[in-house]
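One structure below.
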Amino acid sequence: MKYAGVVVSAAIDNQRPPIKKANTSVTENTFPNLKKTRFVGVDRVPKKRRTRSSVYPDTSRLYRQQPNRIEKHGTNDSKNPFTALYQQILAQEVDRGIAAELIEEIKRIPGSQELVANGDLSSHITSILEDMGIAIDANMFVKGQPKIMAFVGPTGVGKTATIAKLAALQASRNGKRVALITLDNYGISAIALLKTYAEIIGIPLEAAVNWTELKRTLKQYKDQDLILIDTPGIGPKNQNQIQELKTYFEKIADLQIHLVLSATTKEKDLITLAEVFQEIDYSRLLFTKIDESGAFGNIVNLLIRSHIPLSFLCSGRKVPDDIEAGSIRKLVDILIQSKNICRPQLKQSLISSDVDHPGDDDQIVHRPYYVANKTSDVYHLPECKWSRKIKSDNILKFNNWLEADEQNFLPCRSCNPDRFQSVNRTDSKSEKRKFSGKR
């Protein structure tokens, strides 16, 4: 069955590291290699990251000791804010090694105990998870790229609905010329659903049953701004279908492939699916059914271990509303604010706004706005990666940037670039800088 108007294309990305298997044992390395299958890398690395060894010295030793260190400080002590946070993270099914590492990094933040007790952690956890390896494709659809996107995954995860959401978003709201192609020759209902969406949105759709038809369709719609390709749901044991898609996609230039997974899938099964679909060389991860899950550690674990960028998160059936670009901040929000976790010792939500709430004097967060190292002349936001490296004995605290400026400190170019650029580096204050800029 064919419908007027659909296009497809493919592109091969760079290499990416192998996915690493979950290990519930806290006494062993949490990230063993699963297998040495080549990954197709990402079109764009979100930003140049340091190696894990430079961020977390002696990682294997850290994993072995962290859980024990937390227990020494009172794993069963419900009054310990770090313990309460650690238990919250475990309740979200985050791997114990990852959770322990996260807690240790939080402890390095100046004034961390007060921050944890007051729940003022959102930006800090976001920064730490980024350093731990979670990647985000923040520039999706910038400068007309990608042109062709294919969506693969198991049955029932919502690939067709996801494509409809993206198509409506790009066509109706962004004014792009969008075309749809379906390779699903098995799901009659999926084809009918996609046809309905195409008619409502007003974009072309065509079905391709083999490579010849797919090639012709791609050529026919080469002038479209965006081509979205739907594929049949494939079980992890159906290697024939996986190989068939692989032969198609290898012949398509500039194709970006997204592996679509459900947030409700167990972590063990997510890893299996991520391994199986490596044959198709996907370069993005997309999670659906966020609204149907109560624990999101499986997502965090997979993103950290695979280093594959997150593209989108879907949380409902509304087209095109229930889809949004993936972000680490959103992951932190759903990880910490889930209704299914208890907060026995935290005064307020771990995700708090940047302003204090009048009337809640007993819960208002009184914290320094900036911190600096006594041996440096640079001040930072508390969530800055450099602030976590300051030893507790060397911490200076400022209520605002004016206070820091008056003491001849300069803004950090990493966490406060706007203020850094506005500083006149030739004024009299800069002549009085105490140190050369060591953090």
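The values are calculated or read from the model by the stated rules, or taken from the named source; none is laboratory data. What you see is a predicted model; the values in this text were computed from it and never measured. For neighbour counting, all protein chains shown are included, and Cβ atoms are generated from backbone atoms with ideal geometry for every residue, glycine included.
Some points to look at:
- Top-ranked residue of the range 214-237 - restricted to ones that are touching a Leu at 6+ places or on another chain (Cβ under 8 Å) and among the β-branched types (Val, Ile, Thr), ranked as nearest to Gln145 (Cα to Cα): Ile227
- Matching residues in the range 266-286 - criterion: being touching a helix residue (DSSP H, G or I) at 6+ places or on another chain (Cβ under 8 Å), outside any helix (DSSP H, G or I) and modelled with pLDDT under 95: Lys266, Asp281
- Positions within the range 214-231 being among the acidic types (Asp, Glu) and surrounded by 23 or more Cβ atoms within 10 Å (Cβ to Cβ), in sequence order: Asp230
- Taken over the range 105-142, the criterion of being in a helix (DSSP H, G or I), buried (at least 18 other Cβ atoms within 10 Å of the Cβ) and among the charged types (D, E, K, R) is satisfied by Glu105 alone.
- Whichever residue in the range 213-256 is part of a strand (DSSP E or B) and not polar (S, T, N, Q) and, among such residues, is nearest to Ala171 (Cα to Cα): Leu226
- Some residue of the range 287-296 being out of contact with any Lys or Arg (no Cβ under 7 Å at 6 or more places or on another chain), in contact (Cβ under 8 Å) with a residue 60 or more places away in the chain, under 25 Å from Gly326 (Cα atoms) and in a strand (DSSP E or B): yes
- Residues that are surrounded by fewer than 16 Cβ atoms within 10 Å (Cβ to Cβ) and either modelled with pLDDT of 90 or more or hydrophobic (A, V, I, L, M, F, W, C) (or both), drawn from the range 162-189: Ile188
- When we screen Asp137, Asp95 for residues that are at pLDDT 90 or above and under 20 Å from the mean Cα position of the chain (by Cα), the only hit is Asp95.
- Meets criteria (in contact with a helix residue (DSSP H, G or I) (Cβ under 8 Å, 6 or more places away or on another chain), part of a helix (DSSP H, G or I) and over 17 Å from Asp321 (Cβ atoms)) for Ala192: no
- Pairs with Cβ under 6 Å, 6+ apart, first in the range 176-198 and of a type in the set (Lys, Arg), second at pLDDT 85 or above: Lys176/Gln170; Lys176/Asp225; Lys176/Leu226; Arg177/Gln224; Arg177/Asp225; Lys195/Leu205
- Scanning the range 146-164 for residues that are in a helix (DSSP H, G or I) and either farther than 11 Å from Asp184 by Cβ or small (Gly, Ala, Ser) (or both) returns Ala161, Thr162, Ala164.
- Taken as a whole, the condition of being at pLDDT 50 or above and crowded, with 18+ Cβ neighbours inside 10 Å does not apply to Leu350.
- Subset of the range 195-210 that is touching a helix residue (DSSP H, G or I) at 6+ places or on another chain (Cβ under 6 Å) and at pLDDT below 90 - its residue that is surrounded by the most Cβ atoms within 10 Å (Cβ to Cβ): Tyr197
- Qualifying residues in the range 371-399 (those that are at pLDDT 80 or above and not in a strand (DSSP E or B)) - the one nearest to Cys412 (Cα to Cα): Asp377
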